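Visitor: This is the structure I have questions about; it appears just below.
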Amino acid sequence: MTPEKKRLITKLRLKDALIIILGSTLLTIAVKYILDPSGLVTGGVSGLAIIVKSLSGKYLSLEIPLWVTNVALNVPIFLYAWAKDGARSLVRTGLAFAVNSIELWIFPDNQLFPIDNLFLVALFGGLLFGLSSGILLSVRATSGGTDLLGKALHRTFRSVSVGTLIQILDGIVVVLGFLTFGLEKSLYALFSIFIMGRLTDLVVDTGKKAKMCMIFSESLNDIADSIINDLNRGCTSLHATGMYSGKDKNVLLCVCSKNDLPLVKDIVKLHDPKAFFIISNISEAMGEGFSSLKNGNAL
């Protein structure tokens, strides 16, 4: 491995570590200052920690801190996942778990966001939690908990998908939250879970979606030249046969970003106002000019 490549890998690992710390910090704020004070249980170990804190304060007159439950539940989950998947796959998630647990411990217990409106709590709690989850997933990490346990359990229960296992585990936590905090807060928690999922998907997919254009025209050479030189996008000519006319013709294929699409349309209209133009969505595009796939599973 060349020194330049080593420096690049080190830079990427440091960047990912900083992103993990950011995502974990946002998660801590969401749980400690928004969801916990309002009694909204959205699943996972963080939800169990909120339940344990509430019940211990009610029946033991001594609230068990969130970080204590977080550590007590995640450590055996990590050991189980380690036995199933190996240590290398846990490095990034281990960093996120460590940062989250430490911040839950050292961050002050003051209620920084005193909001009495449960709708606003569920909305902004879901937004912040979803943002943090999306950030962590974007660098192949999670905060541990039910996500990690679900993946590890899948090694044993092969007939059940990872997503289903995670949903079952989170569902159990939500039911416990209902028994602890009542129906109203549980319904708001479900709304918050919906927001989390939508925003998580949005963050993870950011920068990956693209548009695919297929252009049928008699001026393909001029259109391709403008796309390549003026827009700095690549394009490919595909051979096709018109089934009605029986004539051979070429079709221009171009993958571009959503922002580039209006410029592609302008280029096509400029060279051939009568061109036939098809646009379709691409869920993810990787390669030069689009998102890249990082190699390696560990920091």
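The numbers here are math on the coordinates, done by the rules we state, and not lab data. Remember, predicted model here, so these are calculated numbers, not experimental data. Backbone-built Cβ (ideal geometry, glycine too); neighbour counts: all protein chains shown.
Visitor: Counting only GluC sites (Glu not before Pro) that sit in a DSSP loop (anything but H, G, I, E, B) with at most 13 other Cβ atoms within 10 Å, what is the longest stretch of the chain containing none of them?
Guide: The longest such stretch corresponds to 1-217.
Visitor: Also: Hey, can you rank 40-47, 170-177 by average C-beta count inside 10 Å, highest first?
Guide: Taking the mean over residues of other Cβ atoms within 10 Å, the ranking is 40-47, 170-177.
Visitor: Continuing with the same structure: Using Cα-Cα distances under 8 Å and only pairs 6 or more residues apart, what relative contact order does the chain have, in percent?
Guide: 21 percent.
Visitor: Mind giving me the nanometre distance, one decimal, between the label points for residue 229 and residue 75, set 7 Å out from Cα along Cα→Cβ?
Guide: 6.8 nm
Visitor: What nm distance separates the two modelled labels at residue 214 and residue 157, each placed 7 Å from Cα along Cα→Cβ?
Guide: Going from the residue 214 label point to the residue 157 one covers 4.2 nm.
Visitor: Oh, and also: Which length gain, in nm to one decimal place, applies between residue 172 and residue 15 when the Cα-Cα distance is subtracted from 0.36 nm times their residue separation?
Guide: Computed gain between residue 172 and residue 15 is 53.0 nm.
Visitor: Give me, ordered by chain and number, the residues 5 or more places off residue 42 or on other chains with an amide H under 5 Å from its own placed amide H.
Guide: 47
Visitor: Now a separate question. Efficiency by 1/(1 + (r/R0)^6): what FRET value for residue 184 and residue 248, r their Cβ-Cβ distance, R0 = 45 Å, to the nearest 0.05?
Guide: After rounding, the FRET efficiency stands at 0.10.
Visitor: What FRET efficiency comes out for residue 87 versus residue 279 if R0 is 45 angstrom and r is the Cβ-Cβ distance? Round to the nearest 0.05.
Guide: 0.45
Visitor: Rounded if a/c is under 1.5, else prolate if a/b is larger than b/c, else oblate: which is the stretch 21-144, with a ≥ b ≥ c the root eigenvalues of its Cα gyration tensor?
Guide: oblate
Visitor: What list of ³J(HN,Hα) values in whole Hz, one per residue of the stretch 34-40 in order, does the Karplus curve 6.51 cos²θ - 1.76 cosθ + 1.60 (θ = phi - 60°) give from phi, with Gly and Pro shown as x?
Guide: 10, 6, 4, x, 9, x, 9
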